[in-house]
Amino acid sequence: MLNLILDLDTGVDDSIALSYAALNPEVNLLGVTGTFGNVTTDMGARNALAVLAMMGRSDVPVFEGAYHSLTTESFSPHDVSVRIHGRNGTGNVVFPAAERSVEKEAASDFLIRMMRQNEDMVIVTTGPSTNLASALMKAPELSSWKGRVVIMGGALTVRGNVSHFAEANISQDPEAAKIVFESGLDVTMVGLDVTMRSRLRKSDAQAWRATGTEAGKAFAGMLEHYILNTIGGDDTYVHDPSAVVCALHPEYFSLLPLALTVELDGADRGRTVGDESRILEKAPKTRAAVNVDSGKVEKELKIIGEYFTRIS
Ligand code: RIB
Ligand code: CA
């Protein structure tokens, strides 16, 4: 059983990643922490609560975190995020509102508390790394924490998706990502190198809708919006769910040990690269996923459709 915390900017692929984790019998989902990114932090947290309710997992606590990056004073979603994830983060499909609210504790405090209690745990971030960086800034001793971190973000062997070099999650808060990569924590980067190799398809959406369930129909509409506004063909990338699959099944991925850092300046801002100042390190604590058995990732995600069938 994998003890897991998900740190999400709950848009479309975050919702699918959350569903996969919430429905997976191999996962003990300890909590969800929310950040800005695809949507504002409060909207993302509401989406997480709504998704958990649809998955029958209203037992999982949700915590609100950073409202903006470490170097900014405010945040509003970028036009491209609104197009891809819809105005509400769920592809403009209106999910039934959850009948509960977020917890009072701040996301970074929850992360600190859980890291102190539990070394046998994985934190998966699928948005900007701000909550985890804030936790490390508040409690620097946690850099010796023995658990694992898996980050959906970055691009090592392919171009970025917001600039030539930068991927969206890293680009939203490069300083935070740099803190996490250089912290000494055990970090696996699941970037565009692998997330673009696996696919969710229109046929998945059609099968979800065919279950006739409210949840299946809502998820189908959300996925179809995402497919249309990302690639625009018959399928789309599997960004955030790939990170959760990697947390559970690192053996599905080719992992390159590398002392990772993030460029902060100029046209390279937000670029994830190997840090030449640490190139002699014999056993780097960070690694980048550079290839994946996409068939295995796609098979894992069948859990979601099976749930819709089960409740129909
Ligand atoms: O670059 C892809 C990432 O950006 C995903 O996490 C997506 O949800 C957006 O946040
Ligand atoms: Ca995300």
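With a/c under 1.5 counting as rounded, go ahead and sort region 64-174 into rounded, prolate or oblate using the C-alpha gyration tensor (a ≥ b ≥ c being the square roots of the eigenvalues; past the cut-off, prolate if a/b is larger than b/c, else oblate).
Numbers: a/c = 1.87, a/b = 1.23, b/c = 1.53.
Oblate is the answer for region 64-174, as a/c is 1.5 or above yet b/c matches or exceeds a/b.
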In a Gaussian network model over the chain where Cα atoms closer than 10 Å are linked, find which of D265, D173, D204 has the largest mean-square fluctuation. D265
Who wins for biggest fluctuation among E298, E103, E73 in a Gaussian network model of the chain, springs between alpha carbons below 10 Å? E73
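Of all beta bridges DSSP finds with both residues in region 136-280, what is the antiparallel percent, to the nearest 5? Write down the numbers at each step before the final one.
On the way: 6 of 11 bridges.
Antiparallel bridges: around 55 percent, rounded to the nearest 5.
First measure r as the distance between the Cβ atoms of H164 and R310, then evaluate 1/(1 + (r/R0)^6) with R0 = 35 Å and state the FRET efficiency to the nearest 0.05. Show your work: numbers first, answer last.
Working: r = 45 Å, r/R0 = 1.27.
Plugging the Cβ-Cβ distance into 1/(1 + (r/R0)^6) gives 0.20.
Which FRET efficiency value, to the nearest 0.05, do you get for K299 and E276 by plugging their Cβ-Cβ distance into 1/(1 + (r/R0)^6) with R0 = 35 Å?
Details: r = 39 Å, r/R0 = 1.10.
So the FRET efficiency works out to roughly 0.35.
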Can you tell me how region 111-221 classifies by the Cα gyration tensor, rounded, prolate or oblate, using a/c under 1.5 as the rounded cut? oblate
Quick one: of the DSSP bridges fully inside the chain, what percent are antiparallel, nearest 5? 30
Given points 7 Å out from each Cα along the Cα-Cβ axis, report the R87 to E99 separation in nanometres with one decimal. 2.8
In the Gaussian network model of the chain, springs joining C-alpha atoms below 10 Å, which of S108, S242, S203 carries the largest mean-square fluctuation? S203
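In whole percent, what relative contact order does the chain give with Cα contacts below 8 Å and a gap of six or more residues?
On the way: 718 pairs, mean separation 59.0, N = 312.
Relative contact order for the chain comes out at 19 percent.
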Given the chain, report the % of alpha carbon pairs whose separation exceeds 33 Å. 15
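When the Cα atoms of region 1-77 are enclosed in a convex hull and the volume is divided per residue, what value in Å³ results?
Numbers: hull volume 5.9 nm³, N = 77.
Normalising the Cα hull of region 1-77 by residue number yields 77 Å³.
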Give the cross-link partners of K299 among the lysines, using a straight C-alpha distance below 21 Å as the criterion and excluding same-chain residues fewer than 8 apart. K202, K217
Only sites in a loop by DSSP and with at most 11 other Cβ atoms within 10 Å count here; which trypsin sites (Lys or Arg not before Pro) in region 87-116 make the cut? K104
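Here, each number is a calculation from the coordinates, and none is a lab measurement. Nothing here was measured: the structure is a model prediction, and the numbers come from that model. Note that each Cβ is placed from the backbone with ideal geometry, even for glycine, and that neighbours are counted across all protein chains shown.
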